[in-house]
Structure formats: structure tokens, C-alpha cells
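The values are calculated or read from the model by the stated rules, or taken from the named source; none is laboratory data. As the structure is a prediction and not an experimental result, all values here were calculated from the model. Quick reminder, even Gly has a Cβ in these numbers, built from the backbone with ideal geometry, and neighbours come from all protein chains shown. Side chains are part of the model used for accessible areas, which takes the heavy atoms of the whole protein and leaves out ligands, DNA and RNA. Shrake-Rupley method; radii C 1.70, N 1.55, O 1.52, S 1.80 Å.
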Amino acid sequence: MTATDLNPGPSNPGASTPGTNTATAFVPGPATPYQDDIARYWDQEARPVNLRLGDVDGLYHHHYGIGDVDHGAITAPEGADREKQVVAELHRLESAQADLLLDHLGHVPRDATLVDAGCGRGGSMMMAHQRFGCRVEGLTLSAKQAEFANQRAHRTGVDQFVRARVCNMLDMPFETGQAAGSWNNESSMYVDLQDLFAEHARILAVGGRYVTITGCWNPAYGQPSKWVSQINAHFECNIHSRREYLRAMADNRLVPQAVVDLTPATLPYWELRATSSLVTGIEEAFLSSYKDGSFQYLLIAADRV
């Protein structure tokens with residue numbers, strides 16, 4: 001199946017469809033008041049920058065993009081046609097980011113289980129199933145996001161393989177060693193890294209692959225910059241340092257096989273987004289922190305040993 005087979009439909013799928021895996025079953029609630037706040041935050045979130053980009057082909061992401069902008073794809077003069085082209089290009093770049101994450105999972109058998117911790121509206125899960133043909137389980141604190149993702153899976157006929165659940169990623173509903181691979185795509189800044197990586201190490205089979213793409217503050221800068229503090233406040237998160245990621249992985253039997261600085265690759269996305277109608281007010285903080293070196297966009301792929 002290709003992305004164009006996804007039959008986008010509207011960005012608000014609406015009421016439950018019979019046979020759909022919905023978020024209505026009983027699940028454990030958030031473990032802390034902070035996580036309750038995060039669940040509420042994402043239940044209420046409906047930013048056009050997430051929804052309009054997903055409307056392009058039915059893959060709804062909650063992360064940023066990488067790669068050079070194809071200026072040849074943005075040829076219309078100012079107006080609605082140009083804005084449509086910009087939206088399509090931003091979405092292409094964010095799907096390229098998800099593709100890069102999936103590249104680093106390596107070979108995944110069709111009978112494997114993958115876990116997307118912090119799955120959002122499910123775009124990366126759909127792409128993983130398209131690529132590997134395996135079962136993909138997603139976890140989110142947001143009932144609205146889980147319902148949305150499950151509606152998309154049902155509408156595209158993959159709900160037997162792709163499912164989102166309202167769960168705490170620090171207490172995943174999987175047996176020890178059940179997953180062949182797992183990832184966090186811009187979701188690790190909402191939890192303690194020691195707790196997070198201990199749980200990924202538990203659910204991963206020995207030799208299983210974990211991948212994260214995340215923003216992190218640069219220890220070489222000294223302390224989190226004012227720009228990083230603005231990003232934390234905007235998303236109600238707690239950005240970790242690069243050093244914290246590597247230390248917590250080492251403490252939890254996750255051995256990095258690749259550490260890739262994606263900062264130069266993500267700048268074109270932010271520069272293009274800052275010129276669009278989808279600005280949210282946080283673009284300056286990302287651009288300034290990437291350029292002054294206080295913030296980095298990082299991919300880490302690690303094997304469970």
C-alpha cells in the first residue's frame with residue numbers, strides 16, 4: 001500500500017464506526033498529575049499545522065521534517081494555490097523524517113510487533129505497517145488521538161494490524177521481550193528517561209532495535225538556553241540534554257548503533273514553515289536555538305543487549 005492508498009477523508013473522522021478499535025475500553029489512567037495535564041493538553045490540541053498537513057495524504061504526524069525543500073514544487077504566486085503547495089512540501093518533509101526513523105529499525109519480519117510510544121494520530125504507525133507488513137501498537141495518553149488513529153486504521157482497512165491505545169509509555173501493556181522494535185518520535189521529552197528506557201528495554205527482545213528522534217539541549221552550550229525554555233513552556237514538556245539520553249540508554253542495556261545530528265537537515269523545514277500561514281509562534285525559538293547551537297535535533301538507534 002502506498003500513501004496515496006490511504007483515502008485521506010476529513011481531518012476529523014467523527015463518531016466511532018462499528019468494528020473499529022476505539023479508545024473506549026478501560027485502560028489505566030495517567031500515573032501522575034503532570035501526565036493528566038499532558039493528556040488534557042493533547043486531547044484539546046487541534047493545530048492546523050498538524051491537521052492540514054495530514055489531510056494531504058491521510059498520514060497525520062506530530063513531528064517535524066528533514067531534508068532540502070523542493071522549491072520546484074512551490075511555483076504558484078502568492079495565494080491559496082501557493083499555500084497548498086507549501087503545505088504539501090512541509091508534509092513531504094515530515095514524512096521523510098518518519099521514513100528515516102523506520103530506516104534505522106533495520107529488518108523487521110512480517111510476524112513481528114513494533115511499538116510506537118507516543119503515537120499521536122498514528123502517521124508513523126501507518127507508515128511502519130506499509131513498509132514491514134507487521135503489527136504496530138501505538139500508545140498515547142490522549143483518548144482523542146487514539147480514537148483518531150484507530151479511525152484512520154479502520155478506514156484504510158489495516159485495523160487488524162495497526163492499533164492505538166490510551167496507555168502510559170512508562171507502563172506498557174506488553175510482555176517482556178515481546179517487541180522486535182520500538183520508538184519515540186518527538187515524545188520522550190514528556191517523561192523521565194531512566195524510566196522510559198527501562199520500559200523499552202523490558203518489552204524489547206534481546207537484539208531488538210530502539211530508535212528515537214528528538215530535540216535535545218546541547219551540553220556544550222552549558223545550560224538550556226532561553227529558546228529551549230520557550231519550547232518547554234509552549235509544549236508543556238521538559239527537554240533533556242543529549243548527555244542524558246546516552247547515559248540513560250547505557251544504564252538500561254540499550255547500546256547506540258547510530259547517533260545522527262539532524263540539526264542541519266531540519267532547518268529547511270523550519271525556514272519554510274516560518275513563511276507559511278501555519279505558524280504557531282514557536283518557529284523563532286526553534287530556528288534561533290538550532291542556529292546558536294543550544295538545541296539539537298538528534299536520531300539515536302540502539303540495540304537491546
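Summing Cβ point charges (Lys, Arg +1; Asp, Glu -1) relative to the Cα centre of the chain gives a dipole of roughly 400 debye. Rg of the Cα atoms in the range 78-231, relative to 2.2 N^0.38 Å, amounts to 1.13.
Across the chain, the mean sequence separation of Cα contacts (distance under 8 Å, 6 or more residues apart), normalised by length, yields a relative contact order of 20 percent. In terms of its C-alpha gyration tensor, the range 130-184 has an oblate overall shape, because the principal axis ratio a/c (a ≥ b ≥ c, square roots of the eigenvalues) is not below 1.5 and a/b does not outweigh b/c. Here the chain is treated as a sphere whose radius is the Kirkwood value from Cα pairs; by Stokes-Einstein at 4 °C and 1.567 mPa s it diffuses with a coefficient of 66 µm²/s. Within straight-line reach of residue 226, meaning a Cα separation under 24 Å, sit the following lysines at least 8 residues removed in sequence or on another chain: 291.
Dividing the mean sequence gap of close Cα pairs (under 8 Å, 6+ apart) by how many residues the range 146-305 holds gives a relative contact order of 27 percent. Heavy-atom surface analysis with a 1.4 Å probe gives the chain a carbon and sulfur content of 51 percent of its accessible area. Solvent-accessible surface (1.4 Å probe) assigned to residue 134 amounts to roughly 0 Å². Ordered by 1.4 Å accessible area with all protein chains kept, 260, 206 run largest first as 206, 260.
When only Cα pairs below 8 angstrom with a gap of at least 6 residues are kept, the range 84-206 shows a relative contact order of 25 percent.
With a simple spin-label model that places each label point 7 Å from the Cα along the Cα-to-Cβ direction, the separation between residue 279 and residue 195 comes to 3.7 nm.
Each part gets one Cα centre, and for the range 278-305 versus the range 169-227 those centres are 16 Å apart. Direction-averaged projected area, Cα convex hull, the range 86-132: 3.5 nm², rounded to one decimal.
Could you work out the longest stretch of the chain that avoids the GluC sites (Glu not before Pro) located in DSSP loops with at most 16 other Cβ atoms within 10 Å? No qualifying site falls inside 79-174, the longest such stretch. Residue 51 contributes an accessible area of around 30 Å² to the protein surface, as traced by a 1.4 Å probe with all chains present. When nucleic acids and ligands are ignored and a 1.4 Å probe is applied, residue 42 ends up with an accessible area of around 40 Å².
Near residue 305: Cβ cut-off under 12 Å, other residues only, Lys/Arg at +1 and Asp/Glu at -1. The net charge is +2. Remark on the range 161-224: Rg and Dmax equal 13.5, 45 Å (Cα only).
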